[in-house]
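Inspection log for the structure reproduced underneath, given as structure tokens.
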Amino acid sequence: MLALRTPSITQRVSCTLTATRTTRTLSTAARRLALPASTSSSSLSLSSPRLGFNPTKAAPLGSRMSHGASGESTVRPDPDAVLTKIADYVHNYQIDSEEAMKTARLCLIDTIGCGLEGLRVDPSCRALMEPIVPDTVVPNGAKIPGTPYQMDPIRAAFAIGTQIRWLDFNDCFLAAEWGHPSDNLGAILAVSDWISRTNVAAGKAPLTIKDVLEGMIMAHEIQGCMALENSFNRVGLDHVILVKLASAAVVSKLLGLSHSQTIDVVSQVFVDGQSLRTFRHAPNTGSRKSWSAGDACMRAVHLAIAVQRGQMGIPTVLTAKTWGFYDVLFKGKQFEFQREYGSYIMENVLFKISFPAEFHAQTAAEASLILHHKLAEQGKTSDDIAHIRVRTQEAAIRIIDKQGPLANFADRDHAIQYMIAVPLIFGRLTTEDYSDAVAADPRIDELRAKIACEEDKTFSAEYHDPEKRFIGNALTITLKDGTVLDEVHIDYPVGHKRRRAEGEPLLNAKFKNHITPHFSAEHVDKIIKTVADQKSLEQLPVHNFVDLFVKA
């Protein structure tokens, strides 16, 4: 018999091992640690640093070493309720809101148009559309609007999601968290197009635009209802986690996954790596904010397909003590919900119509344009301004109140002072106005320095009120001669639900303006006629719809 000679061990564990068993045990440890084959059992000590075991710190007799009673339970629990409710909604809810379907049609065309405008304005956006391997064409793959490319659905989700969000000109929903629910179209359209082309090639029926619109309503609802009471930005996480969540849930249904598989997909979203908000805030604001939603769409499709191919979920990914999302990333707080899933978010979504401006500044830009005309009526210009007072919401103070040099497009469209100064000077705010060429005008920074923002508590309260959802801004200009112009106060922009009748014709005009540079006049007319009729559009196969926007 070979007795263990380490004193601390013999004091705690009165047992002996045969030489054969000792050799076998230590050899096994060596293999697991990838120790050299020449390492012999005689050269190993149980207190060796390579074994990571210090016998002086061994557990006392009767604790984990004796029976393991205090170890982790291997009983697989029921899924977290949050996951189950999302799956219930996706698989069981019947959309019967005519208002939601009509709004979803407007959202679809506006989102496609924003993507095409992003491709036109910025070559760096177009560069991200190209296949990883040049000239790759995926048979029956998803096509990318505004390009000749046809890709696998994962890469296509990235490309479509990226162009959609590039200019920050697509729809918006603001609450405890903010975001752009139409970002989800990147995943929904890519997967729907791929399924449709694959089905047709196999002699099966394609998906229709009605499937896409219903998917958009559900994705809007999941993202928006999560955003109503849960602030991810306050813990440093970017809101595109909700794009990944909503897209993954809806895509799982499109792929034909079961209720339990959808739960697995959603669980994978929460255990996945999450984006930090660093790229949206000074001094690190940059172009990643333009493709982060595309990245989220790509991850959503990847995770759904992984589960479709047999990967398992993580049932208590949110609530697991120490290792769960709540403890690791949400400061121990659990999600809260204001309402059940339905169609509320799509019905109340905010469109960016008049200005390609971060949404908290939409009413500020509108007010500054009004003031531009008031100055002109008095024979004045922005050069006559001494000071501008801005009353705004807390969210705007936190996100877009910026001082100092603005280095790029992304910096400028997230600076409320910039989005006020440009309309006051030029009487406009377009996508081109965020370019280096326009930003070089010294009058912009001179005027920015005269703008002071302050929170209005009423504006902040109305921002969160579910019956209002206002995004108020109020501007007061003091001229150099001491004259104070009447304050211009706007509670909600033209893209708000309360201004839907006013906004719809403007939204249609915006869409036409965005597609016109890409296609012939004849083809533009064909597109306009195709998307104008709700009923016929809903019956259109998805791949035929996408083909309308593909360029040779």
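The values are calculated or read from the model by the stated rules, or taken from the named source; none is laboratory data. As the structure is a computational prediction, the values presented were derived from the model and not from experiment. Every residue, glycine as well, gets a Cβ built from its backbone with ideal geometry; the counts of neighbours run over all protein chains shown. Areas reflect the complete protein model, heavy atoms only, side chains present, ligands, DNA and RNA absent. Shrake-Rupley method; radii C 1.70, N 1.55, O 1.52, S 1.80 Å.
Odds and ends about this structure:
- Assigned charges on the beta-carbon of Lys, Arg, Asp, Glu; region 74-173 dipole about Cα centre (debye): 260
- Taking the longest Cα principal axis of the chain as reference, the axis of helix 259-271 is set at about 90 degrees.
- Full-stretch length increase - SER260, THR478 - with 0.36 nm per residue and alpha-carbon distance subtracted: 72.3 nm
- Extension reserve of the HIS387-ARG126 stretch, reckoned as 0.36 nm per residue once the Cα distance is removed: 89.9 nm
- Inter-centroid distance (Cα atoms) of region 222-248 relative to region 160-220, Å: 17
- Among ASN233, THR363, ILE528 the positive-end extreme of the charge dipole of the chain (Cβ point charges): ASN233
- Region 388-432-region 296-318 distance, computed between alpha-carbon centres (Å): 38
- Summary of the geometry: region 493-552 and region 109-149, compared by the centres of their Cα atoms, lie 18 Å apart.
- Dipole check for region 314-395: with +1 at the C-beta of Lys and Arg, -1 at the C-beta of Asp and Glu, and the Cα centre as origin, the magnitude is about 240 Debye.
- Accessible area of ASP436 in the full protein assembly, 1.4 Å probe (Å², nearest 10): 100
- Principal-axis analysis of the Cα atoms of the chain puts helix 521-532 at an angle of about 70° to the longest axis.
- Around ASN170: net Lys/Arg minus Asp/Glu count, Cβ-Cβ under 14 Å: -3
- Annotation: peptides 407-419, 382-394, 348-360, ranked by per-residue average of other Cβ atoms within 10 Å with the highest first, follow the order 348-360, 407-419, 382-394.
- DSSP-defined antiparallel bridges as percent of all bridges, region 359-493, nearest 5: 65
- FRET efficiency, LEU548 to ASP88 (Cβ-Cβ, R0 35 Å, nearest 0.05): 0.50
- The calculated 222 nm mean residue ellipticity attributable to helices in the chain amounts to -14500 deg cm²/dmol, summing -39500 (n - 2.57) over DSSP H runs of n ≥ 4 and dividing by all residues.
- About its Cα centre, the chain has a charge dipole of approximately 2840 debye under the convention of +1 per Lys or Arg Cβ and -1 per Asp or Glu Cβ, with nothing else charged.
- Note on LYS450 and SER73: their simple-model spin labels are 6.8 nm apart, each label 7 Å out from Cα toward Cβ.
- Counting only protein heavy atoms and using a 1.4 Å probe, the accessible area of ILE451 comes to about 10 Å².
- Whole-Hz ³J(HN,Hα) from phi, Karplus 6.51 cos²θ - 1.76 cosθ + 1.60, for region 545-551, glycine and proline x: 5, 4, 4, 5, 10, 7, 10
- Packing rank of 213-219, 517-523, where each peptide gets the mean count of other beta carbons within 10 Å, highest leading: 213-219, 517-523
- Subtracting the Cα-Cα distance of LYS204 and LEU506 from their residue separation scaled by 0.36 nm leaves 104.8 nm.
- Farthest toward positive dipole pole in the chain [+1 Lys/Arg, -1 Asp/Glu at C-beta], among SER73, ALA282, ALA395: SER73
- Sorting 315-324, 103-112, 71-80 by their mean Cβ neighbour count within 10 Å, with the most densely packed peptide first, gives 103-112, 315-324, 71-80.
- The angle between the Cα long axis of helix 19-32 and the main principal axis of the chain comes to about 10°, on a 0 to 90 degree scale.
- A simple count of charges around GLU446, restricted to other residues whose Cβ falls under 15 Å of its Cβ and scoring Lys, Arg +1 and Asp, Glu -1, yields 0.
- Computed over protein heavy atoms with a 1.4 angstrom probe, the accessible surface ordering of LYS535, LYS450, largest first, is LYS535, LYS450.
- Charge-dipole axis of the chain as Lys and Arg at +1 and Asp and Glu at -1 on Cβ define it, positive-most pick from THR208, TYR418, VAL133: VAL133
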